[in-house]
Amino acid sequence: MDVEEQKRLEFNEIHIQQANKLSEEFIHDFFSRFGTFPTVTFNLQHSTLPFVTLEELEVTVDYVISKDDTIYPKLSVRNRTRKRPILIYRQCLFKIALSMGYTQEKIAFHFGWDRVSILHSRDVVDTMITIKNKQVMRSLSLIEEELKSKYGTKKDIRLNIQASY
């Protein structure tokens, strides 16, 4: 087992301990209120833990936009413009954040959009990947490479979109 795998296992173990502590507190509070024990289950299948925060992801995508020669004026992904290049980067950002395990509610709250817009962005990017849209493929590749150079390997940042394109 390599060092990265060991760190990831330790990281997951800490989160499992925190989840157990929270569930024990919940069970105790529930019993004290209702006089019966709740059934608590864990769904480990969807327990992707992101290694990059939404702030770091946003800064990374803004940096990629600033380096992109095809975009003028240079705007942030937070800008509510519908100009195609910025729109594509924003949709790719939402798709990547979802694939990292962030919930649509958390992404929507952080960026000031509603959760339906987040899901729509994911669906649009998925469709564009299916038809191999060059702008979307290029944007995803640029973001992925920048994340890889800043924060480690693809395995570290858990991008689950690689299989899609």
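The values are calculated or read from the model by the stated rules, or taken from the named source; none is laboratory data. Predicted, not measured: the structure shown is a model, and the values here were computed from it. Methodologically, a virtual Cβ is constructed for each residue, glycine included, from the backbone with ideal geometry; neighbour enumeration extends over all protein chains shown.
Of the residues R78, R33, R8, which single one is surrounded by 12 or more Cβ atoms within 10 Å (Cβ to Cβ) and either touching a strand residue (DSSP E or B) at 6+ places or on another chain (Cβ under 9 Å) or at pLDDT 80 or above (or both)?
R78
From the list L147, L159, L93, L98, which one is part of a helix (DSSP H, G or I), buried (at least 17 other Cβ atoms within 10 Å of the Cβ) and at pLDDT below 90?
L147
Hey, T70 hits all of (1) modelled with pLDDT under 90; (2) part of a helix (DSSP H, G or I) but one; which does it fall short on?
Here T70 meets the rest and fails (2).
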